[in-house]
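What follows is a short report on a single structure.
The values are calculated or read from the model by the stated rules, or taken from the named source; none is laboratory data. On a predicted model such as this, the values are computed, not experimentally measured, just so you know. Every residue, glycine as well, gets a Cβ built from its backbone with ideal geometry; the counts of neighbours run over all protein chains shown.
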Amino acid sequence: MDFLTLFGIYVAVVLTCIFLVCKYSGQQHNPFTTLLSYVTKVVAPVTPQWLQRFSRWIFHRLFHQRSNFFIYLHLFLEGAVYAEFTYEVFGFCREMDTTLTSLSVPYVLLVIKTFFFYLCINTDPGTVTQKKVSSLIHVYPYDRRLFHPGVSCETCRLVKPARSKHCRLCNRCVQRFDHHCVWVNNCVGAGNTRYFLLYLLSVCAMALDVALLTGDMLLHAVLRSGLLRASYMDAYGQQQPTGPLFVVQHLFMTFPRIVFMLGFVIFVFFLLAGYTLFHSFLAVVNQTSNEWYKSRGFVCRHCHPAPGADDLCGPVPDHSKRFYYSRGLLGNLREIFFPPQAPQKKAN
Ligand SMILES: [Zn+2]
Ligand SMILES: [Zn+2]
C-alpha cells in the first residue's frame, strides 16, 4: 500500500469520526455504545476474568464517577501542541519575518482559555441544597411538559426546581442543568454556563490561530522550496509535474511532527466549532442541552393520552411556544451571563 492510499484512509477515518461524534454526541444509546457492547460480548469468552474486571473498573472510574483524568489529558494534549509550536513552528515563523505580535496571540489565547477553564472547574454550577431549594423553585416556572411541580429527587430528597436535574456523577441536583462535562470534571449549570461558553470560544480561537500560523509556515516552506514548479520522473520514465498530493507527501516526510500537530489541531477545531455553535444556538434560544435532547423524543400525554389513562391534572401545556423559557435574544443572553436569582422575600 503506497503512502497516498494510507493518507487517504487516514483522512477518511478522521472525517468519519468527526461526523459520527457530532451526530451522536450526548445520546445515551448510539452506534458507539451498541458496537462497544457487541465487541464486549464477542471477546468476553476469550478475555481473562481479571482483565474484564479491570476494564469495567476503568470504564466506571472514567465515565460514571467524578475524575480528574480528562483534565490532565486536556492539559497534556495542550502542552504537547504548544511545545511543538514553540519548539519548531515559532522558529520557522521568525525566519519568515512573522511579527512577534502575531506569534504572541496563541499564548494570549492560552492564558484567556486557562482562566475560563479554571472558572468552569471551580465555580458552583448551581447546586440545589436544602437551604436554597425553597427560593430556587421560584426562579423558573414549571412548563408542565418536561418539568412538573411537586416532583422530588429520589436521591437528594428535595423538590426539583424547574430546569434542574440530578447529576449521577456529582450526586447532586443542579439548577438549570445542561450536562456533566468530563473535560472540566464539573456539571454545567446556571452558575457556570457563561464560563463554559467562553471556554469553548477561546479553545476554538486558540486552535484556529495555531492552525493558521502553522499552515502559513508550511505554505511558505513549500513556496520557498520551489516544489510547485518542480517535476519528477514516473515509473515509465516520463517527466510529471508535482501535484498537491506530492507536496503533501513531501511535507509529511520533511515536517512529520508539525504536520501531525496541524492535523490534530484542525480536527479539534472542527469538532469544537460544531459543538460551540450548538451551545451558542442553545444560549440564544434559552434551552439547555438536557432540555434539547428530552424535547426531541417528547410525546405530550395531554395531546396523545395513553389508552385507558386517567385524566391528567394541571393545565394543558402551551405547545405554540417551542422554546418555553425564551425571553428574546438579549434577555436570553443576559440570563446566561447574569443568571436570575431567586426572588427575595419582602420584609414587612
Ligand atoms: Zn438530586
Ligand atoms: Zn455533575
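Going through the range 242-269 one residue at a time, which ones are closer than 11 Å to Leu227 by Cα and in contact (Cβ under 8 Å) with a residue 60 or more places away in the chain?
Correct list: Val248 only.
Looking at the range 121-129, is at least one residue modelled with pLDDT of 95 or more, in a helix (DSSP H, G or I) and of a type outside the set (Asp, Glu)?
Yes, that holds for at least one residue.
Which members of the range 181-198 meet the condition of being closer than 20 Å to Asn68 by Cα and crowded, with 21+ Cβ neighbours inside 10 Å? Step through it out loud before you land on a result.
Restricting attention to the range 181-198, the residues satisfying the condition of being closer than 20 Å to Asn68 by Cα are 181-189, 192-193, 195-196.
Residues satisfying the conditions are Val184, Asn186, Cys187, Val188, Gly189, Asn192, Thr193, Tyr195, Phe196.
Quick one: Arg194 ticks every box in (1) in a helix (DSSP H, G or I); (2) within 16 Å of ligand 1 (Cβ to nearest atom) bar one, so which box is it?
Of everything listed in (1) in a helix (DSSP H, G or I); (2) within 16 Å of ligand 1 (Cβ to nearest atom), Arg194 misses just condition (2).
Checking the structure you have, find out if any residue of the range 150-169 is of a type outside the set (A, V, I, L, M, F, W, C), touching a helix residue (DSSP H, G or I) at 6+ places or on another chain (Cβ under 6 Å), within 15 Å of ligand 1 (Cβ to nearest atom) and in contact (Cβ under 8 Å) with a residue 60 or more places away in the chain.
The answer is yes; a qualifying residue exists.
With respect to the numbered conditions (1) surrounded by fewer than 18 Cβ atoms within 10 Å (Cβ to Cβ); (2) touching a strand residue (DSSP E or B) at 6+ places or on another chain (Cβ under 8 Å), which one is the sole condition not fulfilled by Cys173?
(1)
Exactly one condition in (1) more than 16 Å from ligand 2 (Cβ to nearest atom); (2) touching a Phe, Trp or Tyr at 6+ places or on another chain (Cβ under 7 Å); (3) closer than 30 Å to Ser202 by Cα is not met by Pro149; state its number.
It is condition (3) that Pro149 fails.
Would you say Ala211 is without any contact (Cβ under 8 Å) to a residue 60 or more places away in the chain, in a helix (DSSP H, G or I) and surrounded by fewer than 24 Cβ atoms within 10 Å (Cβ to Cβ)?
yes
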